[in-house]
1. Do you know which of the residues in segment B:103-123 that are open to solvent by 10 Å² or more (accessible area, probe 1.4 Å), more than 14 Å from chain A (Cβ to nearest Cβ) and touching a residue at least 60 places away in the same chain (Cβ under 8 Å) is farthest from ligand 1 (Cβ to nearest atom)?
2. Select from segment B:143-157 the residues that are at the interface with chain A (Cβ under 7 Å from one of its Cβ atoms) and either within 13 Å of B:HIS190 (Cα to Cα) or surrounded by fewer than 24 Cβ atoms within 10 Å (Cβ to Cβ) (or both) and list them in ascending order.
3. Only one of (1) under 18 Å from A:TYR404 (Cα atoms); (2) facing chain A (nearest Cβ under 7 Å); (3) within 16 Å of ligand 2 (Cβ to nearest atom) is not met by B:ASP194, so which one is it?
4. Which residues, counting only those in segment A:505-551, are touching a His at 6+ places or on another chain (Cβ under 9 Å) and under 30 Å from A:ILE445 (Cβ atoms)?
5. Tell me which strands (runs of 3 or more DSSP E) are completely within segment B:74-152 and hold 1 or more residues being more than 15 Å from B:LEU180 (Cα to Cα), or say none if there are none.
6. Just a yes or no: is a residue in segment B:46-69 at pLDDT 90 or above and loosely packed, with under 15 Cβ neighbours inside 10 Å?
7. Can you work out which of the residues in segment A:143-180 that are within 18 Å of B:SER183 (Cα to Cα) and more than 16 Å from ligand 1 (Cβ to nearest atom) is most open to solvent (accessible area, probe 1.4 Å)?
8. Within segment B:183-240, which helices (runs of 4 or more DSSP H) (wholly inside it) include 2 or more residues that are touching a helix residue (DSSP H, G or I) at 6+ places or on another chain (Cβ under 8 Å) and either open to solvent by less than 10 Å² (accessible area, probe 1.4 Å) or at pLDDT below 80 (or both)?
Amino acid sequence: MNSGSMTSGTITDGPALRDPHTPDSRLGHGADYLHAEHTLRSWFFTTDHKRIALLYLASITAFFVIGAVTAGLVRLALVVPDGQVFTNDTYNKLFTIHGVVMVWFFLIPSIPATFGNFLIPLMIGARDLAFPKLNLASWYVFMTGAIFTLVSVVLGGVDTGWTFYTPLSTAFSNTWVVPALIGVTIVGFSSILTGLNFVVTIHTMRAPGMTWFRLPIFVWTHYATSLIFLLATPVITVALILLIAERAFHIGVFDPAYGGDPVLFQHLFWFYSHPAVYIMVLPGMGVISEIVPAFAQKKLFGYKFVAYAAIGLASVTFFVWGHHMFVNGQSDLASVAFSVLSFAVAVPSAVKVYNWTATIHKGSLKLDTPMLYAMGYIGLFVLGGLTGLYLATLAINQHVHATYFVVAHFHYIMVGGTVLAFLGGLHFWWPKITGRMYSEAWGRISAFLIFIGFNVTFFPQFILGYLGMPRRYHVYPPEFQFLNILSSAGSTILAVGYIFPMVYLVYSIWFGKRAPANPWDARGLEWTVASPPPAHNFLTEPQAPKIPYDYPIQARETGRQHS
Amino acid sequence: MNPTDLALQLWPAAASATAVETDWLILAFTVLTLLLTVPVFVAITWFAIRYRQGEEADRSHGNVRSVLIEISWMLIPFLLTLIFFVWGARLFFISKQVPGDAMVVEAIGRQWMWKFQHPTGQSEINDLHLPIGQPIKIRMISQDVIHNLYLPALRMQMATLPDRYTELWFKADRTGSYRLYCSEYCGTDHSKMDGTLTLMTQADYAAWLQNAGARQGGQAGAGRAVYESYACGTCHDPGAKVRAPSLAGLYGREVKLADGRIVTADETYLRDKILNPNRQKLAADYKQVMPAFRNVIPNDDLDRLVAYLKSSGATAQQEATP
Ligand code: HEM
Ligand SMILES: [Cu+2]
């Protein structure tokens, strides 16, 4: 097949797609993807997975800023116990926007849509994703959904919480619930399209010799994540459509006033939203599994276990949703089953940190910025995971459910886990993506600030929750004020830690040192191409390594017997 | 009446044996958590120093029995944590087995207040007085959205659902005042849906029941509860969305009606107005939106409600609401 049809990249020319090194006749050989074309059009209608990754990066950064600003306002309000800073309705809208934007517009797309898009083809030695046009379409779908939600926020806001529990959301809230829900529903389709694209790509587009067990863990975790995208997202789509139908047309599904069941919504919601936790966590694990070996110059410990664990966790996570509903009228027997299953999924996720620790053992360590983020990640992720176990313990849940303990728990997982992994990955692959090096000193300073700021912000919330402070409280008893002030003070440190990278990373695009192809001496096919990569990824046929993580230091892992 | 006026509290009061055991459970679990994590943190820091690039260190590797290692570091923590699953489940089951001799208190959650009714008929709003040394079952339901009755001092909470009864029970053993909350987000004033749980000796409780009416301001106090439970305030409280006349200080005042008549708001007027608001009793400048409460409010409640509107309490209450 000729090269022209290759760039169009529809499924019909599938076989040609497997050929990663046919140059595109329209472009100069080797022009890097950033400079191949300059028009606005070439960005907004690009089918290059690397450019689409950057479109996503820009959009989710904007959403992160919205989410962060609203979080800052929420923390500001909580400095005083009497709720004088904002009215009750304003406060409720603020935390709702924070949750909706952070979960649906930042965390869920974050690592997959940016690094997944950018790196999966490079890591497996492919020219692009299997369906480049679909990839572009999924970004447009994402933005369409986001605009619906943002418009509803601008017009008057939503005050249901990101969980949209019925019948509050269907019959009692007077805010712009329907447009916000339409937005979230649409964004779900973008997840489904991305998941589909990744699954097909990983199955069919691996370079010759790139067998499953030569794939980087990053690819494995994205494969697992994509399965969740495909299998879980339709459930939330259906749930939200039913919610919209009930609110708009009074079709009784959830509201007992029309013969519905309000708890049914929670089942459907968490059937998606608990697996969604792993949509956020697995890609982060993938990033850390790339960073740690690179900065220890040592093979990842227990490669196959980590790969299987990704698939295993993605499966078991479908059977624990009921742990969000222990005190919501669920049957006691169901609660016990969900409790033990939650233990079964939490422990294997948490012990992944032992693999990373073992990887560092007897390595040759460089403590550069990405590694500092990775180490921060490990600490916070462990705390997040183990406090998940507290929540999964029935008697403890009866006390701390819906308190600040839960808020602390999921921030340790989602901010401590996903966001630190995201920032670690951003610093790790920044030279590859932009062709520039950022200031290492500033990088280390902000990694440090974020770690400190995060803990000062969220650790007090574990105590607040245990003391009995309910979440989503605007006015709270005075005995909780000290810890709330501490938490708000921490969030200012955290904010500074976030602002620094936005400045020095952007600065580096114009003024940074030029990056070599492999600044970290890392393994993996993405480091064999120039920084930034050529528009076509590979100018010569990529050579799959004989083993993954082919670092100088290797422990020979054996099975049961000594050889 | 504040359970505490301190700005900082570090351990929540525990008012029942179950609450104390829950604390032990969480303490023991924390010890295990530390055992499982502190070594990781120490190891990472130690390795980061010891094996820094450029440091002299032994980096030679023998064979590693990875399957054995992987299985043991997965299985051992899992089995250890299972102890806590069992312990937690045991406490949970105890909290589901209501003793036959439990005293039953009814609770109703609605946006944004709690109404509690004692077995002897007295009811209270947002505050709850209960005896210690006696199993108590709270049977609850919601009138609108999902709420959640949370009693931190008892380490206990349960959702109130709009379509079915739920319950929780406990046996308190320590007197004092503690907080109670709604912990399921329920709209605008979710954070004001809280109150005080007062646990008292059985004798004090009996005395309280006797005097409860008096303490709440007699008929008028009970009338406040009626006012709340029929949601009169949704329209009549200052700042309400629907425009309706303020009821503060209404009693005894002259009222101009839509048809031009001027009447005095005496007891009969108040009664009639509640039962049959619209017909010829529409006030000037207002729309005909108030529902008729004939056959809705029972007579005794109507008496209480009118007593409340006549009382100065109504005036104070109304003016206090911003
Ligand atoms: C390590 C395994 C995990 C376990 C065993 C676990 C367990 C739990 C439990 C039992 C709850 C319910 C708390 C309650 O409302 O009573 C909960 C809440 C929550 N968890 Fe996790 N969790 C885990 C991991 C995660 C991860 C990785 C994330 C996010 C990336 C996460 C995000 C959340 C969120 C957002 C909530 C709050 C739900 C709400 O709005 O009420 N969890 N978790
Ligand atoms: Cu409530």
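The values are calculated or read from the model by the stated rules, or taken from the named source; none is laboratory data. All of these numbers come straight from a predicted model, not from anything done at the bench. Backbone-built Cβ (ideal geometry, glycine too); neighbour counts: all protein chains shown. Remember, those area values only see protein heavy atoms, side chains included, never the ligands or the DNA or RNA. Shrake-Rupley method; radii C 1.70, N 1.55, O 1.52, S 1.80 Å.
1. Among those that are open to solvent by 10 Å² or more (accessible area, probe 1.4 Å), more than 14 Å from chain A (Cβ to nearest Cβ) and touching a residue at least 60 places away in the same chain (Cβ under 8 Å), it is B:THR120.
2. Within segment B:143-157, B:ASP144, B:VAL145, B:ILE146, B:ASN148, B:TYR150, B:MET156 qualify.
3. Going through (1) under 18 Å from A:TYR404 (Cα atoms); (2) facing chain A (nearest Cβ under 7 Å); (3) within 16 Å of ligand 2 (Cβ to nearest atom) one by one, B:ASP194 breaks only (2).
4. Once the filter is applied, which keeps residues that are touching a His at 6+ places or on another chain (Cβ under 9 Å) and under 30 Å from A:ILE445 (Cβ atoms), segment A:505-551 yields A:LEU505, A:PRO532.
5. Ranges flagged: B:103-110, B:113-117, B:123-125, B:128-131, B:136-142.
6. There is at least one residue in segment B:46-69 that is at pLDDT 90 or above and loosely packed, with under 15 Cβ neighbours inside 10 Å.
7. A:PHE172
8. Where helices (runs of 4 or more DSSP H) fall fully within segment B:183-240 and carry at least 2 residues being touching a helix residue (DSSP H, G or I) at 6+ places or on another chain (Cβ under 8 Å) and either open to solvent by less than 10 Å² (accessible area, probe 1.4 Å) or at pLDDT below 80 (or both), they are B:202-215, B:218-229.
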